[in-house]
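> My questions will all concern the structure given below.
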Amino acid sequence: MAIARLEVEIGAEIKDFQSKLAKSLKNLDLLKREQRSLSDAFKDGTITSKRYYDALARNSSTLKKTTADVSSYKSQITGLGKGMGK
């Protein structure tokens with residue numbers, strides 16, 4: 001009796017994912033640096049509390065968007081893994 005053999009190769013293009021993830025990580029680094037700079041400027045008295053808190057609000061908004069993006073990428077990877085399991 002002959003044994004049949006089936007080989008399957010699955011490939012995926014991940015350049016888009018890598019690019020989006022790199023952009024998200026870059027945004028997080030920028031936020032950290034800006035936060036340090038803002039804190040220093042506020043402590044030194046070179047910026048007003050209004051400007052400081054306005055900048056914090058903007059950073060918080062950006063952080064929420066970046067976190068949502070990363071969560072979306074994670075879901076996409078999980079979906080890809082589940083699809084490959086089938």
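> Determine the relative contact order of region 17-86: mean sequence separation of Cα pairs under 8 Å and six or more apart, normalised by residue count, in whole percent.
Once normalised by length, the contact order is 41 percent.
> How much length, in nm to one decimal, is gained on full extension between THR78 and LYS43, taken as 0.36 nm per residue of separation minus their Cα-Cα distance?
8.2 nm
> Nearest 0.05, what FRET efficiency do LYS64 and ILE14 give at R0 = 25 Å with Cβ-Cβ as r?
Computed FRET efficiency for LYS64 and ILE14 comes out at 0.50.
> Still on this model: In whole Hz and in residue order, list the ³J(HN,Hα) couplings for region 72-79 that follow from phi through the Karplus curve 6.51 cos²θ - 1.76 cosθ + 1.60, θ = phi - 60°; x for Gly and Pro.
After applying 6.51 cos²θ - 1.76 cosθ + 1.60, I find 5, 4, 4, 4, 5, 5, 4, x Hz.
> What FRET efficiency comes out for LEU21 versus TYR53 if R0 is 22 angstrom and r is the Cβ-Cβ distance? Round to the nearest 0.05.
Efficiency at R0 = 22 Å is approximately 0.10.
Every number here is computed from the coordinates shown, using simple stated rules; none is lab data. Model, not experiment: these values are computed from the prediction. Note that each Cβ is placed from the backbone with ideal geometry, even for glycine, and that neighbours are counted across all protein chains shown.
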